[in-house]
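Shown next, in structure tokens, is the structure this report addresses.
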Amino acid sequence: MSEIVIDDLSYTYPKSVEQALEGISLTIESGSFAVLTGFNGSGKTTLCMAIAGAVPHYFGGAMAGNVTVGSLKTTESGICDIANTVGLVMQDYESQLVTLTVEEEVSFGLENRGVECSEIARLVKEALQMVGLSGKERQHTAALSGGQKQRLAIASVLATKPSILVLDDPTSALDPEGACELYELLYQLNQDHGLTIVVVEHDLSLALPYASNFILLENGRIEKKGTPAEVLQYMGIKQQYACVLPELWKLKLGLETDSLCFSDWSTSEEAANELLHCVRSKEAEKSA
Ligand code: ADP
């Protein structure tokens, strides 16, 4: 089942002359963990907004082509219906927090939807459990750490039971440990709860162990899409991406020769094991 189907999407913001997105065609299968990457201004946020229906419903502007999420064509559906399928965690997630306590924050969207009180209590409990914030119900949102605020923003959208979770640059304000923990959480939501994840990320080494797809944008167009390995191979031969290639892949591509090829490393453990094996077999060859 295809969860997100984008067909020849082009978009221009109001009062802008340049297209922010141009001829984007992309299918993200249900249960994928898709990573949007690319330099600043390449269109990542705009694409997130198009998946969430804010483009064009909130921003206006000129859109051509189609975006379908689940069974909804975004141009033909209301933003509230789209929000029941797509949960959006914005780049500035703190601005998404609108109430005083953790519990109130997660309840807020449900109350607005007219969900019954007993059902709200159940959904809030479940959502807080999913993000590891159980027991913090009465805590003031202002007293939470950056990582906890991020988790709370995620819980608030999860409570409404979307099947797709879109996160725009969620690690930009987190320290390295918080960023790793966030990816562990997203992977858990993807694997255990079957959520389709779409995440904007600059630091591909963070996303590499978890992603099923990388989508590289450049100037509003898809430069390359595919498995992480396919996209990293492509980035490896383009000079402009040398600075954003994960260290692991710099090492892999730097060491590989016509007769020496490594597998598609996604963790340092895999790399270390294969390199160790390689060194040991060379030593065994020498001493034979
Ligand atoms: P990214 O997320 O990759 O940094 P964006 O989607 O934010 O890229 O921006 C894509 C293009 O759209 C850029 O040229 C940017 O200047 C333009 N843009 C973004 N938001 C707006 C807006 N609200 N109004 C007009 N142009 C915008």
Practice problem: Could you please find all residues in region 182-219 being farther than 19 Å from Gln150 by Cβ, within 15 Å of the ligand (Cβ to nearest atom) and surrounded by fewer than 22 Cβ atoms within 10 Å (Cβ to Cβ)? | Solution: Glu218, Asn219
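Yes/no per residue for (1) modelled with pLDDT of 95 or more; (2) under 29 Å from Ala207 (Cα atoms):
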residue	(1), (2)
Asp8	yes, yes
Ser32	yes, yes
Ala50	yes, yes
His57	yes, no
Val67	yes, yes
Ser95	no, yes
Leu100	no, no
Quiz item: Of the numbered conditions (1) outside the structural domain of Ser212 (by TED's automatic domain parsing); (2) open to solvent by 20 Å² or more (accessible area, probe 1.4 Å); (3) within 16 Å of the ligand (Cβ to nearest atom), Tyr93 satisfies every one except a single condition; which is it?
Solution: (2)
Practice problem: Considering only region 239-280, state which residues are part of a loop (DSSP other than H, G, I, E, B) and open to solvent by 70 Å² or more (accessible area, probe 1.4 Å). | Solution: Thr257, Asp258, Ser259, Cys261, Asp264
Quiz item: Would you pick out the residues in region 7-41 that are under 15 Å from Asn213 (Cα atoms) and more than 10 Å from the ligand (Cβ to nearest atom)?
Solution: Ser25, Leu26, Thr27, Ile28, Glu29, Ser30, Gly31, Ser32, Phe33, Ala34, Val35
Quiz item: Name the pairs: first residue in region 11-38 and without any contact (Cβ under 8 Å) to a residue 60 or more places away in the chain and at positive phi, second residue within 9 Å of the ligand (Cβ to nearest atom) and open to solvent by less than 50 Å² (accessible area, probe 1.4 Å), Cβ to Cβ under 9 Å, at least 6 apart or on different chains?
Solution: Lys15/Gly61
Quiz item: If you take the residues in region 14-68 that are farther than 18 Å from Arg221 by Cα and part of a strand (DSSP E or B), which one is least open to solvent (accessible area, probe 1.4 Å)?
Solution: Phe33
Practice problem: Those residues that are farther than 28 Å from His277 by Cα and either open to solvent by 70 Å² or more (accessible area, probe 1.4 Å) or in a strand (DSSP E or B) (or both), I need them from region 220-237; list them, please. | Solution: Arg221, Ile222, Glu223, Lys224, Lys225, Gly226
Quiz item: In the set Ala127, Ala179, which member is crowded, with 19+ Cβ neighbours inside 10 Å and at pLDDT 95 or above?
Solution: Ala127
Quiz item: When residues of region 108-124 are filtered for being surrounded by 16 or more Cβ atoms within 10 Å (Cβ to Cβ) and without any contact (Cβ under 8 Å) to a residue 40 or more places away in the chain, how many remain?
Solution: 4
Exercise. Determine the pairs where a residue that is within 13 Å of Ala83 (Cα to Cα) and more than 9 Å from the ligand (Cβ to nearest atom), located within region 42-55, has a partner that is open to solvent by less than 10 Å² (accessible area, probe 1.4 Å) and part of a helix (DSSP H, G or I) with Cβ atoms under 6 Å apart, the partner being 6 or more residues away or on another chain.
Key: Gly53/Thr74; Gly53/Ile82
Practice problem: Within region 150-173, track down each residue that is open to solvent by 30 Å² or more (accessible area, probe 1.4 Å), away from the ligand (no atom under 16 Å from the Cβ) and of a type outside the set (Ser, Thr, Tyr). | Solution: Arg151, Lys161
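The values are calculated or read from the model by the stated rules, or taken from the named source; none is laboratory data. Everything quoted here is computed from the prediction, not taken from an experiment. Glycine also receives a Cβ, built like all others from the backbone with ideal geometry; neighbour counts cover every protein chain displayed. Heavy atoms of the whole protein, side chains included, go into the accessibility calculation; ligands, DNA and RNA do not. Shrake-Rupley method; radii C 1.70, N 1.55, O 1.52, S 1.80 Å.
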